[in-house]
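The values are calculated or read from the model by the stated rules, or taken from the named source; none is laboratory data. Being a predicted model, the structure only gives us computed values, none of them experimental. Here Cβ is always computed from backbone atoms with ideal geometry, including for glycine, and neighbour counts include all displayed protein chains. Accessible surface areas use protein heavy atoms only, side chains included; no ligands, DNA or RNA. Shrake-Rupley method; radii C 1.70, N 1.55, O 1.52, S 1.80 Å.
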Amino acid sequence: MAEWMKLPVGIEEFEKIRRNGFYYVDKTGLIEELLKQWGEVNLFTRPRRFGKSLHMSMLKSFFSIGSDPGLFDGLKITQDTKLCEEYMGQFPVISISLKGVNAANFQDAFRFLIRIINAEARRLWVLLDGEKLDCIDRKILEDLLDRRMEMDTLVYSLRELSEILERYYGKKVIILIDEYDVPLAKANENGYYDEMVLLIRNLFENALKTNSSLKFAVLTGCLRVAKESIFTGLNHFKIYPITKAVFDEYFGFTDDEVREMLRYYGMEADYETVKEWYDGYRFGKVDVYCPWDVINYCSDHIDDPKLLPQNYWLNTSSNEVIHRFIDSAGKLGRLTRAELERLVNGETVQKEIGQELTYKELYTSMDNLWSTLFMTGYLTQRGEPVGNLYNLAVPNQEIRNIITEHILKSFKEDIGKDGEMVTAFCTALAEGKPDVVEGLFTGYMEKTISVRDTFVRRAIRENFYHGILLGILSYKEDWIVRSNRESGDGFSDILITIDGTDTGIVIEVKYAEDGSEEKECRDALKQIADKRYEASFRQEGVHKIINYGIACNKKKCRVMMEKHD
């Protein structure tokens with residue numbers, strides 16, 4: 001095996017990546033751009049897993065007094081020697097992340113915030129020479145190390161740390177706050193939102209608004225939360241959302257960066273797959289890939305080159321917004337369902353996007369849900385917006401899979417509410433009545449969306465209808481249903497054994513273009529015969545076997561059957 005650099009799966013510490021031989025996509029140009037744009041307080045909003053935390057760690061390593069300049073050897077920023085002389089390692093830095101403030105109640109969240117301040121105070125205590133601090137500053141630091149910290153101490157903590165650092169070093173202080181809005185999101189989920197808004201507002205106001213020791217600050221988060229007045233009155237407050245062209249290439253991997261990574265790891269042949277699955281996000285005027293996905297894909301395919309693409313982004317959050325959206329689409333009727341269907345099939349819908357929602361407002365209306373889907377990365381923009389009107393699209397195959405999986409989950413939950421229809425469908429299958437099966441399955445398909453996107457591979461379209469069938473069959477308790485089971489000379493779509501009977505059912509699902517439904521059914525039945533999918537039943541002593549070829553086209557289907565006794 002070639003001696004490749006390690007891939008930094010889940011590593012968000014710049015220093016660790018640079019010291020330990022991990023592959024690093026050079027984003028240090030962000031430092032130069034940040035200083036060029038200059039804002040006293042700068043907020044970057046991006047979806048999860050687009051490099052926000054790594055960039056904050058990079059800023060800390062660059063600006064902090066005493067940091068190692070060797071970490072930046074060979075990187076783009078070192079080409080600007082004047083900038084590096086003026087800023088590299090020249091400032092005291094306070095750096096905290098709020099992503100760990102995930103609590104079920106306000107008291108626990110308050111304790112978590114105290115621990116975060118404790119940890120930063122300990123880090124700075126080690127850097128400072130205690131003999132150079134006067135007794136007042138030492139007492140303030142001791143208070144900030146106390147795990148029983150009072151509310152007023154907490155809300156003044158960042159400001160007081162800044163004042164101590166400025167007095168000690170004689171320089172203004174840079175403050176970095178990563179994932180600033182996580183405490184608000186968790187508070188909204190768990191019912192203590194108003195208390196948390198007040199706490200965060202007071203903390204930020206003291207650190208960012210009335211703090212004469214501040215050089216500048218950088219914050220990151222998923223959403224801009226402005227209506228709660230968290231940032232009210234900040235001078236030179238600059239916001240860089242996904243719609244702005246400034247900094248657009250720094251969050252996410254560009255096409256050139258992905259090509260280079262794939263070339264380095266000998267995966268040039270995987271380019272089209274990686275592009276189809278993980279590209280498609282539009283930030284400002286640049287198309288970018290999700291870094292988390294690309295890094296995980298490369299890591300997995302070094303060990304297993306034949307592994308199918310995975311939904312890596314899916315498991316990095318609860319995906320609550322998709323649950324809410326699909327549930328609302330089902331309740332609000334045909335229009336929203338039709339729009340969801342357009343998105344899944346690679347088309348766009350035009351919506352007015354509001355980028356200053358409160359967390360309380362995220363799910364209160366369908367309009368807000370569209371905005372939330374856009375800002376959190378489930379949808380992206382196509383073309384240029386007109387005012388606040390954006391043409392929204394699903395970015396790539398991974399997000400399409402996440403959406404369709406949630407659609408199928410919702411569909412399955414709805415199926416369970418109509419036991420009579422499930423019974424009728426399964427009875428028709430067992431009794432060999434293809435016309436009844438066809439009619440009932442068509443009825444099911446009319447209740448959900450159809451997958452017809454010509455850019456989606458045929459197998460993926462077939463998998464969606466396969467999923468609908470499995471959802472229906474899962475409610476038949478006395479049926480043993482096996483999916484993609486090796487049988488004969490291949491892998492059958494669905495094999496069903498009916499408990500207590502001498503009957504087995506084989507189902508092969510095909511996607512059909514207009515007018516080819518009957519041909520696809522015949523091809524499905526021929527495939528069952530040619531691949532000997534009945535073999536496992538024969539080995540089990542099952543003698544009555546019913547084969548079904550089912551062809552699906554949008555919201556229509558055709559069912560054909562063959563019996564073997």
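Overview of results
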read-out	value
All positions within segment 538-560 that are farther than 13 Å from Y465 by Cβ and within 42 Å of the chain's Cα centre (by Cα)	N547, M560
Tabulated pairs, segment 17-44, first aliphatic (A, V, I, L, M), second at pLDDT 95 or above and open to solvent by 30 Å² or more (accessible area, probe 1.4 Å), C-beta under 7 angstrom, 6+ apart or interchain	I17/I11; I17/Y24; V25/E257; L35/Y87
Condition met for G39 (modelled with pLDDT under 95, outside any helix (DSSP H, G or I) and exposed (fewer than 14 other Cβ atoms within 10 Å of the Cβ))	no
Every residue from segment 207-229 that is more than 14 Å from I174 (Cα to Cα) and either open to solvent by less than 10 Å² (accessible area, probe 1.4 Å) or touching a Leu at 6+ places or on another chain (Cβ under 7 Å) (or both)	T220, G221, L223, R224, V225
Restricting segment 387-418 to residues that are part of a helix (DSSP H, G or I) and of a type in the set (K, R), the residue that is least open to solvent (accessible area, probe 1.4 Å)	R400
Odd one out for N190, checked against (1) modelled with pLDDT of 95 or more; (2) open to solvent by 60 Å² or more (accessible area, probe 1.4 Å); (3) farther than 23 Å from K52 by Cα; (4) not hydroxyl-bearing (S, T, Y)	(1)
Residue among S95, S61 that alone is farther than 27 Å from R282 by Cα, touching a Leu at 6+ places or on another chain (Cβ under 9 Å), open to solvent by 10 Å² or more (accessible area, probe 1.4 Å) and part of a strand (DSSP E or B)	S95
Subset of segment 44-55 [touching an Asp or Glu at 6+ places or on another chain (Cβ under 7 Å) and open to solvent by less than 10 Å² (accessible area, probe 1.4 Å)]	K52
Residues (within 7 Å of P92 (Cβ to Cβ) and touching a Ser or Thr at 6+ places or on another chain (Cβ under 7 Å)) located in segment 166-177	V173
Residues that are open to solvent by 10 Å² or more (accessible area, probe 1.4 Å) and assigned to a helix (DSSP H, G or I), drawn from segment 526-544	K526, Q527, A529, D530, A535, S536, R538, Q539
Whichever residue in segment 23-33 is surrounded by 16 or more Cβ atoms within 10 Å (Cβ to Cβ) and within 26 Å of the chain's Cα centre (by Cα) and, among such residues, is nearest to K215 (Cα to Cα)	I31
Residue match in segment 420-431 (condition: modelled with pLDDT of 90 or more, surrounded by 17 or more Cβ atoms within 10 Å (Cβ to Cβ) and either charged (D, E, K, R) or on the phi > 0 side of the Ramachandran plot (or both))	no
Near pairs, Cβ below 6 angstrom, 6+ apart or cross-chain, from segment 374-386 (touching a residue at least 12 places away in the same chain (Cβ under 8 Å) and assigned to a strand (DSSP E or B)) to any residue that is open to solvent by less than 50 Å² (accessible area, probe 1.4 Å) and among the aromatic types (F, W, Y)	T380/Y281; Q381/Y390
Meets criteria (in a loop (DSSP other than H, G, I, E, B), within 29 Å of F106 (Cβ to Cβ), among the charged types (D, E, K, R) and open to solvent by 10 Å² or more (accessible area, probe 1.4 Å)) for R148	yes
Restricting segment 119-137 to residues that are surrounded by 16 or more Cβ atoms within 10 Å (Cβ to Cβ) and of a type outside the set (A, V, I, L, M, F, W, C), the residue that is farthest from I200 (Cα to Cα)	D137
Total residues in segment 351-383, condition open to solvent by less than 20 Å² (accessible area, probe 1.4 Å) and either of a type in the set (V, I, T) or touching a Gly at 6+ places or on another chain (Cβ under 8 Å) (or both)	5
Residue tally, condition more than 16 Å from I407 (Cα to Cα), part of a helix (DSSP H, G or I) and of a type outside the set (V, I, T), over segment 429-452	10
Test for T243: is it touching a Leu at 6+ places or on another chain (Cβ under 8 Å) and buried (at least 18 other Cβ atoms within 10 Å of the Cβ)	no
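Matching residues to (1) in contact with a strand residue (DSSP E or B) (Cβ under 7 Å, 6 or more places away or on another chain); (2) modelled with pLDDT of 85 or more; (3) farther than 21 Å from K554 by Cα:
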{"residue": "N319", "(1), (2), (3)": "no, no, yes"}
{"residue": "R324", "(1), (2), (3)": "no, no, yes"}
{"residue": "G330", "(1), (2), (3)": "no, no, no"}
{"residue": "G346", "(1), (2), (3)": "no, yes, no"}
{"residue": "Q355", "(1), (2), (3)": "no, no, yes"}
{"residue": "Y363", "(1), (2), (3)": "no, no, yes"}
{"residue": "T376", "(1), (2), (3)": "no, yes, yes"}
